[in-house]
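What follows draws every value from the coordinates through simple rules; no lab data is involved. Being a predicted model, the structure only gives us computed values, none of them experimental. As a convention, Cβ positions derive from the backbone with ideal geometry for all residues, glycine included, and neighbour counts pool all protein chains shown.
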Amino acid sequence: MMPLLLAMLQTVREPSLFDKPEFVEGKFEAAVDAGAHASAGPAARDTLPPFAILNLPAAGPTGSAEHDRALALEAAGQPVEAARLFASAVRADPSAVHVLDAAVHLMAHGATAAAAQMLAEGVRLYPKNADLRLAMGAAQFGLGRYDSARREFLAAGDTRAFEGLALVAQADAALAPSLIEPLAASPYHQSFADRGRAEMLLRKAIEQDPGHRRARFELARVYLDLGKDSAAERELKELLRLDAGHELAHYRLALLYRRTGRKAEAEPHFAAYRKLHAKRLESEEAVRKARILLTEVPVNRPK
């Protein structure tokens, strides 16, 4: 095993770590069952630590005597002894599951710095493991390192990261504009809870950058999904004030007007959409033909 990992895990194993003020026994939230840290219910989401709302895998037996004994001790309300055994299991077998469970146990009891240290090595060993990346993002968030948390959540490449990104935007509004593209690519429209968090994130982004066109369009989409037609109309109108040539804004506003019986108001936007759409297709076709022409033109190389 690598010396750095051994040294870090030895540090986690030492009793002195758990004597530090940040390690608080009994800090499990009521909505999180001991040993099943992914079981937080929606009602408690606003008060739970980040790791508890990211839908990380629930800790379960792995066949390691130390790890499985740690689960039993955790359930029995003996977190210090459980943490020592979790760390011992990682020392014996530094698998991604063992690192994750040990780190989440530390975070659950307030030892976030120790968890971040362990997860940093876990991410180095398993850079493509989404669970470790998400947990690392949660640890960085818990330490107030919001930009680092943002990077870890994005590196996870997992739709669960949306939970973390929404937290980051809420904690540090200045980072909100940088999250719009990841947000637009995420399936936030699949649940009302996700749409509510998307609304918060997008509003934060617009507060930081009122001219952010993508943020306004995505916010209008969220409002439409939530049935907030007046708010959606307001955002689409503002977007067209900023960019009269926004093809999709015309289309969405036209559909909104038609759906709400305002056909006379819808038609100019349908007309604008058709004109812009045709112009874009014409431009794309010209580019395509130019590329074909370039590939067919012989290149005269000096002899």
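A few remarks follow.
- Each label was represented as a point 7 Å from its Cα along the Cα-to-Cβ direction; for L255 and A96 these points are 3.7 nm apart.
- Computed extension length for A58-R288: 77.7 nm, one decimal, from 0.36 nm per residue of separation with the Cα-Cα distance subtracted.
- A Förster distance of 22 Å, applied to the separation of the beta-carbon atoms of K237 and H277, puts the FRET efficiency at 0.65.
- Think of the stretch 173-280 as a dipole: +1 on every Lys or Arg Cβ, -1 on every Asp or Glu Cβ, centred on the Cα centre; then among A231, I206, I180, A231 lies furthest on the positive end.
- Between A72 and A171, residue separation times 0.36 nm minus the direct Cα-Cα distance comes to 32.1 nm.
- Kirkwood hydrodynamic radius over Cα pairs of the stretch 173-280, then Stokes diffusion coefficient at 37 °C and 0.692 mPa s, in µm²/s: 232
- Fewest-first ranking of E285, E163, E152, E81, using other Cβ atoms within 10 Å as the exposure measure: E285, E81, E163, E152
- Likely footprinting exposure, L294, L106, L226, L154, fewest C-beta neighbours within 10 Å first: L294, L226, L154, L106
- Spin-label model distance (nm) - D229 vs E181, 7 Å beyond Cα toward Cβ: 3.6
- Which of D147, D93 has the fewest Cβ neighbours within 10 Å, and the rest in rising order: D147, D93
- Rg over Rh [alpha-carbon atoms, Kirkwood Rh] for the stretch 78-186: 1.01
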